[in-house]
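**Q** Starting off with a structure, shown below.
The values are calculated or read from the model by the stated rules, or taken from the named source; none is laboratory data. On a predicted model such as this, the values are computed, not experimentally measured, just so you know. Cβ atoms come from the backbone with ideal geometry, glycine included; neighbour counts cover every protein chain shown. Surface areas here come from the heavy atoms of the whole protein model, side chains and all, with no ligands, DNA or RNA. Shrake-Rupley method; radii C 1.70, N 1.55, O 1.52, S 1.80 Å.
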Amino acid sequence: MDFAFNKFATSGYQLLDKYQAGLVLTGAEVKSTRQNGLSLRQAYVSVNYSPKPEFYLMKAKISPYRFAPRTDHYDPEKPRKLLLQKAEMRTLLGKLEQKGLTIIPLRVYNNRNFIKVEIALAKGKKQFEKKEDLKKKAVDKEIRTRLKYQ
């Protein structure tokens, strides 16, 4: 079951590799996420290199759980740690050194009662590539409608 989906990821980026990561949340954040209180609209993944590399989900907004006590000091956009395997971390760090590559979250979902994030290694599209994709979608839609009515 998907809790959140980043629908702008495929339009702005060319996705190269996909990975699954665990998400470290508090109890109230988990409950809020399960009630569709999560937004990946401007979210991205950042790497913190202090003593060892750690991956964080930044700008993902989790609205406060309405039944949780004392939500006055709650920051809905705080960085949340991602849990990856060491081999995946090494490959991501090696590929991030290439120019123009970034890591973006695609979706947040439930896997055996654990909240998981699907992240992708992506390369940003240029403006003309985005326009070409829109033209291709329009042509495909036109072809489908014409075939449908014949």
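**Q** Sequence-distant or interchain residues sharing an amide H contact under 5 Å with Leu40, placed H: which?
**A** Hits under the 5 Å cutoff: Phe5.
**Q** In square nanometres, what is one fourth of the surface area of the convex hull spanned by the alpha carbons of the chain?
**A** Quarter of the Cα hull surface area: 12.4 nm².
**Q** Let me ask something else. Starting from the eigenvalues of the Cα gyration tensor, five times each then square-rooted, give me the equivalent ellipsoid semi-axes of the stretch 1-84, largest first, whole Å.
**A** 23, 17, 11
**Q** Would you mind computing, in nm to one decimal, how far apart the modelled labels at Met1 and Asn113 are, each placed 7 Å from Cα along Cα→Cβ?
**A** 1.4 nm
**Q** How large, in percent, is the carbon and sulfur part of the accessible surface of the chain at a probe radius of 1.4 Å?
**A** 52 percent
**Q** In nm, what is the difference between 0.36 nm times the number of residues separating Thr10 and Asn48 and their Cα-Cα distance?
**A** Extra length from Thr10 to Asn48 when fully extended: 11.1 nm.
**Q** Could you work out the relative contact order of the chain? I mean the mean sequence separation of Cα pairs under 8 Å and 6+ apart, divided by the number of residues, in percent.
**A** Relative contact order for the chain comes out at 32 percent.
**Q** Would you list which lysines come within 20 Å of Lys78, measuring only between C-alpha atoms, while excluding same-chain residues fewer than 8 positions from it?
**A** Lys31, Lys59, Lys61, Lys116
**Q** Determine the order of Arg80, Arg66, Arg144, Arg34 by accessible area, beginning with the largest, at a probe radius of 1.4 Å.
**A** Accessible-area ranking of Arg80, Arg66, Arg144, Arg34, largest first: Arg66, Arg144, Arg34, Arg80.
**Q** In debye, nearest 20: dipole of the chain around its Cα centre with unit charges on the Cβ of K, R (+) and D, E (-)?
**A** 440 debye
**Q** Could I ask something else about it? Which one of Lys61, Lys137, Lys126 has the biggest mean-square fluctuation once the chain is modelled by GNM with Cα springs under 10 Å?
**A** Lys137
**Q** Have a look at the stretch 80-150 and give its Rg and Dmax from the Cα atoms, expressed in angstrom.
**A** 18.6, 55
**Q** If you take every residue apart from Ile115 with its C-beta less than 13 Å away from the C-beta of Ile115, what net charge results, scoring Lys and Arg +1 and Asp and Glu -1?
**A** Here the count lands on +4.
**Q** Here's another thing I want to ask about it. Around Asp72, under 15 Å between beta carbons, what's the net of Lys plus Arg minus Asp minus Glu among the other residues?
**A** Result for the neighbourhood of Asp72: +2.
**Q** Calculate, in nm to one decimal, what Arg144 and Asp17 gain on full extension: separation in residues at 0.36 nm each, minus their alpha carbon distance.
**A** 42.7 nm
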